[in-house]
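Taken together, the values in this text are just the output of simple stated rules run on the coordinates, not laboratory data. Please read these numbers as outputs of a predicted model, since none were measured by experiment. Positions of Cβ are generated from backbone atoms using ideal geometry, with glycine treated the same way; all protein chains shown enter the neighbour counts.
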Amino acid sequence: MKRVVVGLSGGVDSSVAAYLLKEQGYEVIGLFMKNWHDDSVTISKECPWLDDSNDAMLVAEKLGIPFQTVDLSEEYKKRIVDYMFNEYERGRTPNPDVLCNREIKFDVFMKIALSLGADFVATGHYCRKGTTTTENGEMVYQLLAGKDKNKDQSYFLCQLSQEQLSQTLFPIGELQKSEVRKIAAEQDLITAEKKDSQGLCFIGKVRLPEFLQQKLQPKEGNIVEIDASEEKYQAETPEFSDKKEELEFLSRKYSYSPAEGKVVGKHQGAHYFTKGQRKGLAVGGTPEPLFVIETSVEDNVIYTGQGKDHPGMYRRGLFVTPEETHWVREDLKLEQGEEMRVKARIRYRQPLQDATLHQTAEGLYVVFDEPQASITEGQFVAWHLEEELIGSGVIS
C-alpha cells in the first residue's frame with residue numbers, strides 16, 4: 001500500500017483528490033500548509049487561513065485519514081513574499097502562484113511529505129501526468145493539460161522538474177469541475193459548495209497595493225497618456241541583416257518619454273501598477289478607458305493609452321534569459337540555432353497561441369504568429385506541444 005501525502009488546502013479540489021486516492025487503495029495523509037499569518041494585510045473576512053485549515057481538518061476526519069498542519073510561513077516569506085517585493089521594486093510583475101508551486105508545494109512541502117515516508121505527494125490541480133519514452137528509449141514524465149479545458153492548471157506547474165513530477169499525483173486531472181463538486185456532495189464533504197479561493201497562493205485575498213506598501217514606499221508621480229497615432233507605432237518594418245536583428249526587433253519594447261504625451265493624472269508609485277491594468281488609475285473623462293501600456297520605475301511614470309486596442313499594448317515577441325529558461329522535458333531542450341513550433345501562453349486562462357521558439361547564444365526568443373497584448377516582464381511564458389506543457393520561462 002503506497003503512502004500519499006495530500007496537500008489539503010480546505011478547498012473542494014484537494015478534498016476530492018484525497019477521497020479518490022483513498023478509494024484507489026492508497027494510504028492517505030492530509031497535510032495543511034500554513035503559509036501566512038500576518039492578518040494586517042489580508043481581508044480577514046474573505047479567506048482567513050484558520051477557516052481553511054478547519055475545513056481541511058473536517059474533510060480529513062470525514063475521510064478517516066490522519067491530518068496535521070505544517071507551518072511554512074518562514075520559507076514562504078523568504079522565497080515568495082521577499083521575491084515579490086524585489087520583483088515589483090524592479091518594475092516587474094511576478095506570478096506568486098507559479099512560484100509557490102515551484103518553491104513551496106513541490107519543494108519544501110514535498111520534502112516534509114517524503115520525510116513522513118510518503119511515496120507520492122498529491123494536489124488538487126486540474127492537470128495530468130503521463131509518461132513517454134525519449135529517442136534513446138529512456139522513460140520521461142509528461143505534464144499534461146487537465147481534461148476540463150476551462151480549469152486546466154498546467155500553467156501554474158510550468159516550473160516543475162522531472163524529479164518533482166515523478167513523485168506527484170494529480171487525482172482530479174481527468175475530471176470536470178462539475179464532477180468534482182458532485183463527488184464532494186455525494187460524500188457529504190463540507191467543501192462541496194465552497195467557492196474557489198482567489199488571491200495569492202494560500203495567503204487569501206490580499207489587497208496588493210496595501211501589501212506592497214508595507215515595503216515599497218508610496219511615491220507620487222505622473223500618469224502620462226500616449227496617443228495611438230504616435231509616430232513610433234506607424235514605423236515600417238525594416239530590412240534585417242540577420243535573424244538575431246529580426247528577433248530583437250520583434251521582441252523590443254516601446255520606450256517612452258514624458259514629453260511624448262500629456263499628463264492626465266497622478267499615481268502613488270509606478271511599482272504598484274502592471275501592464276494592461278485598467279483599474280486603480282482614477283482618471284476619468286476620456287472617450288475610452290485608459291490602460292497601462294508601460295511603467296518606468298526609474299522615473300516613476302506610468303504611461304497609458306486609450307482603449308484595449310491601443311497599439312502600445314501589443315508586440316509579437318518576447319525574450320527569456322538562459323538562467324530563467326526551464327524545460328520540464330529536458331530531452332526536448334533546444335540547442336543554439338534551433339527552432340521549434342509550439343503553442344504558448346503568457347498568462348493563465350489565455351487560449352494557447354501559435355508561436356515559434358528560437359534558441360540563440362543570448363537566450364530564448366518566443367515569437368508569436370499574432371501580436372500579443374500586455375506582454376509583462378516577470379510573468380511566465382509556457383510552451384506546449386499539443387496538450388503537453390514542455391517548458392516555461394520568466395519574461396525578461
**Report entry** Cα centroid separation - region 151-201 against region 278-325, whole Å
**Finding:** 33
Query raised in the report: How much FRET efficiency would the formula 1/(1 + (r/R0)^6) give for Lys279 and Glu193, where r is the Cβ-Cβ distance and R0 is 22 Å, rounded to 0.05?
Result: 0.15
Query raised in the report: For the chain, what does -39500 (n - 2.57) per DSSP helix run (n ≥ 4), summed and divided by total residues, give at 222 nm, in deg cm²/dmol to the nearest 500?
Result: -5500 deg cm²/dmol
Requested in this report: Report the local net charge at Gln159: Lys and Arg +1, Asp and Glu -1, summed over other residues whose C-beta lies under 14 Å from its C-beta.
Outcome: -3
Query raised in the report: Against the longest principal axis of the chain, how steep is helix 49-63, in degrees 0 to 90 to the nearest 10, with axes from Cα atoms?
Result: 40
Query - Peptides 330-343, 282-295 ordered by average Cβ neighbours within 10 Å, highest first - result: 282-295, 330-343
Query raised in the report: Taking the chain as a Gaussian network, Cα atoms linked when under 10 Å apart, which of Gln306, Gln359, Gln217 shows the biggest mean-square fluctuation?
Result: Gln217
Report summary line: The alpha-carbon center of region 330-379 and that of region 233-264 are separated, in whole Å, by 19
Requested in this report: Let me know the whole percent of all Cα-Cα pairs from the chain that are separated by more than 40 Å.
Outcome: 21
**Report entry** Proximal charge balance of Ala361 [Cβ under 11 Å; K/R count +1, D/E count -1]
**Finding:** -1
Query raised in the report: Check Leu169: other-chain or 5+ apart residues with amide H under 5 Å from its amide H, H built from backbone geometry?
Result: Val121, Ala122, Thr123
Query raised in the report: For Gln234 and Gln176 in one chain, what is 0.36 nm times their gap in residues minus the Cα-Cα distance, to one decimal in nm?
Result: 16.3 nm
Query raised in the report: Given the pairs Lys62/Lys105; Lys34/Lys105; Lys2/Lys22; Lys34/Lys149; Lys34/Lys77; Lys62/Lys182, which are separated by over 19 angstrom at their Cα positions?
Result: Lys62/Lys105; Lys34/Lys149
Query raised in the report: So, how do all the Cα-to-Cα distances of region 259-317 break down into 10 Å bins, in percent, from 0 on up?
Result: 23, 58, 19, 1
Requested in this report: Have a look at Val81, Val70, Val328 and tell me which one the Gaussian network model of the chain (Cα, springs below 10 Å) gives the largest fluctuation.
Outcome: Val70
**Report entry** Compactness of region 3-213 as Cα Rg over 2.2 N^0.38 Å, two decimals
**Finding:** 1.01
Query - Residue among Tyr126, Tyr88, Tyr233 with the largest mean-square fluctuation in a Gaussian network model of the chain, springs linking Cα atoms under 10 Å - result: Tyr233
Query raised in the report: Label Glu89 and Thr69 with points 7 Å out from Cα along Cα→Cβ: what is the distance between them in nm?
Result: 3.1
**Report entry** Paramagnetic label zone (point 7 Å from Cα along Cα-to-C-beta, Thr131; backbone N under 15 Å) in region 168-188
**Finding:** 168-170
Report task. Could you tell me whether region 258-396 comes out rounded, prolate or oblate from its Cα gyration tensor? Rule is a ≥ b ≥ c as square roots of the eigenvalues, rounded for a/c under 1.5, then prolate if a/b exceeds b/c, otherwise oblate. Result -> prolate
**Report entry** Angle between the chain longest axis and helix 12-23 axis [Cα atoms, degrees, rounded to 10]
**Finding:** 40
Requested in this report: Please list, in chain and number order, the residues 5+ apart from Gln187 or on another chain whose amide H is under 5 Å from its amide H, with Hs placed from the backbone.
Outcome: none
Query raised in the report: Structure shown: which of Lys195/Lys275; Lys78/Lys308; Lys195/Lys219; Lys253/Lys279 lie over 30 Å apart, alpha-carbon to alpha-carbon?
Result: Lys78/Lys308; Lys195/Lys219
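Around Trp383, what is the net charge, scoring Lys/Arg as +1 and Asp/Glu as -1 over all other residues with Cβ under 9 Å from its Cβ?
+2
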Report task. Over the alpha-carbon set of region 66-150, divide Rg by the Kirkwood Rh and report the Rg/Rh ratio to two decimals. Result -> 1.06
Query raised in the report: Against the longest principal axis of the chain, how steep is helix 177-186, in degrees 0 to 90 to the nearest 10, with axes from Cα atoms?
Result: 30
